[in-house]
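These notes are about the structure you will find just below.
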Amino acid sequence: MGARARDRDHVRDFAREVDAARRAKHWGYGKLASHVGVLADGRTFDAKQMSRLCQATVASLDALLVARLVEVLAPELDPPRAWHAAGLTPPWVTEEDYRRGFAASAQAVGTNRKKDPGEGAPAGRRRPWRLPVAA
């Protein structure tokens, strides 16, 4: 899967989350746009742009917009789920946070050890490390 396809998947997933939260608050696209207001980089959004976002017809997402939408749609929009759906890392997550998360995941799934190819086979029926070569 290419980067462009992954971006489309993230836009679609994030759009579903935002649209569900917007509907839960009983907001239209205009009201959502007014609550988003002006982003730190000076961008503003109108009802049509919010409609395009909620219908997943935007090309990509950026951290400023995701952060603002998470803020205004709380508590209906779950922050960890929204950031994951957007395929972005929240600005406050550090490299050390990633390291701890990866270490915990590796321990949970057991990927930090070498697996015996015969592991899980019934006793007495373990496969040898090397299969015999037919003569």
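Every read-out reported here was derived from the displayed coordinates using simple, explicitly stated rules and does not represent laboratory data. Please read these numbers as outputs of a predicted model, since none were measured by experiment. No Cβ is skipped: glycine too gets one built from the backbone with ideal geometry, and neighbour counts run over all protein chains shown.
Observations on the model:
- Helices (runs of 4 or more DSSP H) wholly inside the range 28-72 that include at least 1 residues being touching a residue at least 24 places away in the same chain (Cβ under 8 Å) and not hydrophobic (A, V, I, L, M, F, W, C): 29-36, 63-72
- Evaluation of residue 88 against the conditions (1) assigned to a helix (DSSP H, G or I); (2) more than 14 Å from residue 19 (Cβ to Cβ) shows that the sole unmet condition is (1).
- Subset of the range 15-56 that is among the β-branched types (Val, Ile, Thr) and more than 18 Å from the chain's Cα centre (by Cα) - its residue that is farthest from residue 5 (Cα to Cα): 38
- Counting only residues that are crowded, with 16+ Cβ neighbours inside 10 Å, more than 12 Å from residue 10 (Cα to Cα) and of a type in the set (Gly, Ala, Ser), the range 59-102 holds 1 of them.
- Being surrounded by 13 or more Cβ atoms within 10 Å (Cβ to Cβ) and free of Cβ contacts under 8 Å to residues at least 24 places away in the same chain is a property that residue 20 lacks.
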